[in-house]
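The values are calculated or read from the model by the stated rules, or taken from the named source; none is laboratory data. Everything quoted here is computed from the prediction, not taken from an experiment. With ideal geometry, Cβ positions are generated from the backbone for all residues, glycine too; neighbour counts draw on all protein chains shown. Just so you know, the surface numbers come from the protein's heavy atoms only, side chains and all, with ligands and any DNA or RNA stripped out. Shrake-Rupley method; radii C 1.70, N 1.55, O 1.52, S 1.80 Å.
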Amino acid sequence: WHRRPDAEHNTVPERPDGPKPGVIIPGRAAFKLVHFSDLVATEPDYLIQGLIERGCLVLAFGDPAAGKTFWVLDAASCVATGASFHGRGAKQGTVIYIAGEGHGGLARRRMAWETERGIEISSDVPFFASTVAGNFLDDATTEAVIASIRTTVEAEGPPALIVIDTLARN
């Protein structure tokens, strides 16, 4: 980091490897603070009706062996196929599932879901899963994950849902 003069604050941190302060990045809203009373309420845009909103970060947590992965795979499969999630409508969209463990069991879980739901997650369903963990503490692996996601986005469009299971293993 280094600093440069700024008229209002005297100094502003600047990262030599990142965007300069005040630079607008295309596709992103500029950060600013507004008075709390000026915030405007909007209707939620649900990915899964009444449960998960689009553009939000969601954390599923619970005791070990409580069924978190099954719950998340069920929700992700419903989004990928457009099937209802336990009576709640799901908007169909591309799913990217970054699995940190249990890669050998993912196909068995998919098959169990298909049998239970009577829906096949065939090659035309936009559901993509990693073959290894996405070790986000390693720069090279993180770049590989980003590149792989970009390739999928170019072919399928922006994902509706990205799952990182588990955060600790990735």
Label-point separation in nm, GLU156 to THR141, each point 7 Å along Cα→Cβ
2.1 nm
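When the Kirkwood radius is taken over all Cα pairs of the stretch 98-145, what Stokes-Einstein diffusion coefficient follows at 10 °C and 1.306 mPa s, in µm²/s?
Details: Rh = 12.3 Å.
Translational D for this selection: 129 µm²/s.
Hey, can you find the accessible area per residue of the stretch 45-142 for me, probe 1.4 Å, expressed in square angstrom? Don't jump to the answer; show the numbers that get you there.
Working: 5880 Å² over 98 residues.
In whole numbers, the stretch 45-142 has 60 Å² accessible per residue.
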Rg ratio (alpha-carbon, reference 2.2 N^0.38 Å) - the stretch 25-152:
1.25
Ignoring ligands, DNA and RNA, what percent of the 1.4 Å accessible area of the stretch 74-152 is carbon and sulfur?
53 percent
Taking amide H positions as placed 1.01 Å from N in the peptide plane, with prolines and chain starts having none, which residues 5 or more places from TYR97, or on another chain, fall under 5 Å of its amide H?
PHE128, ALA129, SER130, VAL163
Over all directions, what mean area does the Cα convex hull of the stretch 78-120 project, stated in square nanometres?
3.4 nm²
